[in-house]
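Undergrad: This is the structure I want to talk about, given as structure tokens.
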Amino acid sequence: MTIRIHSRLEQSRVNGPGSRAVIWLQGCSLNCSGCWNPLSHSVDGGKAVEIDSVVQWVVDLVVNGRIHGLTISGGEPLEQAGALLALLQALRLRVPEISIGVFSGYTEYELARGAFLSRDGHLPSHLADLWRAIRQHLDFAVLGRFNIHRPSHQPLVTSQNQALLLLNDRHSFSDFSPQSVEFTIDSQGTTQITGFPILQ
Ligand code: SF4
């Protein structure tokens, strides 16, 4: 089984508590106002990657002591809900101790009612159950559309209409650092920029 990935980063300190890997999934139909990542919208972009290899990538980073968590962003992760659930289930078997968070443009209200688009063939009547199954593997979620006209300066929350939800007692709000931007330069000289430029 594969999951379509836009990009990934081995180590980040601005996408959730502590040192975390980040995976940006490919494909989003939401067209948020001022979206910061339009290249992640196409369903044909990015690259389809075997879930087993993604899991092994995360496991190796954990075993080598480089990360304690994983953040999944997009694109829109829930638009690959079946693959996302398979990824989370495999991770909870191999590295159950890691913190896992997700960014989604859908609200909790929409997700709980199955009112979202999943492109991997699930019946609309099954989507609420799919979200419930995904949710039980998550430690936190940032939910809601990005809206450039309603900026927020709260940790991980870039629009006032979005919400940071703690889904169990693993984290407290004080674990989340103020918004900041991070530049990563790898051994090949490739620079990756992530994080949250403060909007006025
Ligand atoms: S959900 Fe994310 S990727 Fe999709 S349009 Fe909104 S900001 Fe962009």
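Undergrad: Cβ under 13 Å from GLU76's Cβ, GLU76 left aside: what net charge do those residues give with Lys, Arg +1 and Asp, Glu -1?
TA: Working: positive: ARG4, ARG119, ARG145; negative: GLU79, GLU110, ASP120.
Overall, the nearby charge balance is 0.
Undergrad: Estimate the FRET efficiency between ILE148 and ALA128 by the formula 1/(1 + (r/R0)^6), using the beta-carbon distance for r and 41 Å for R0, to the nearest 0.05.
TA: Working: r = 30 Å, r/R0 = 0.73.
With R0 = 41 Å, the Cβ-Cβ based efficiency is 0.85.
Undergrad: Run the helix sum for the chain: -39,500 (n - 2.57) per DSSP H stretch of 4+ residues, divided by residue count, reported at 222 nm to the nearest 500 deg cm²/dmol.
TA: Details: 4 runs with 41 residues, N = 200.
Here the helix-only value at 222 nm equals -6000 deg cm²/dmol.
Undergrad: Just for segment 1-83, what percent of DSSP beta bridges are antiparallel, to the closest 5?
TA: Working: 9 of 14 bridges.
Looking only at bridges with both residues in segment 1-83, the antiparallel portion is about 65 percent.
Undergrad: Under 14 Å from the Cβ of SER12, count the other residues' Cβ atoms, weight Lys and Arg +1, Asp and Glu -1, and hand me the total.
TA: On the way: positive: ARG8, ARG13, ARG20, ARG66; negative: GLU10, GLU182, ASP186.
Result for the neighbourhood of SER12: +1.
Undergrad: What Kirkwood hydrodynamic radius do you get for the chain when you take the inverse of the mean 1/r over all pairs of distinct Cα atoms, in Å?
TA: 16.9 Å
Undergrad: Order the peptides 162-170, 87-95 from the highest to the lowest mean number of other Cβ atoms within 10 Å of their residues. Please report the intermediate quantities before stating the final value.
TA: Working: 162-170: 14.8, 87-95: 17.4.
Ranking, from highest mean packing down: 87-95, 162-170.
Undergrad: Which value results when the Cα radius of gyration for segment 43-116 is divided by 2.2 N^0.38 Å? Show your work: numbers first, answer last.
TA: Numbers: Rg = 13.3 Å, N = 74, 2.2 N^0.38 = 11.3 Å.
So the Cα radius of gyration is 1.18 times the expected 2.2 N^0.38 Å.
None of the figures in this text is laboratory data; all of them are computed from the coordinates on show. Worth saying up front: this structure is predicted, and the values here are computed from it rather than measured. Every residue, glycine among them, receives a Cβ derived from its backbone with ideal geometry; neighbour counts consider all protein chains shown.
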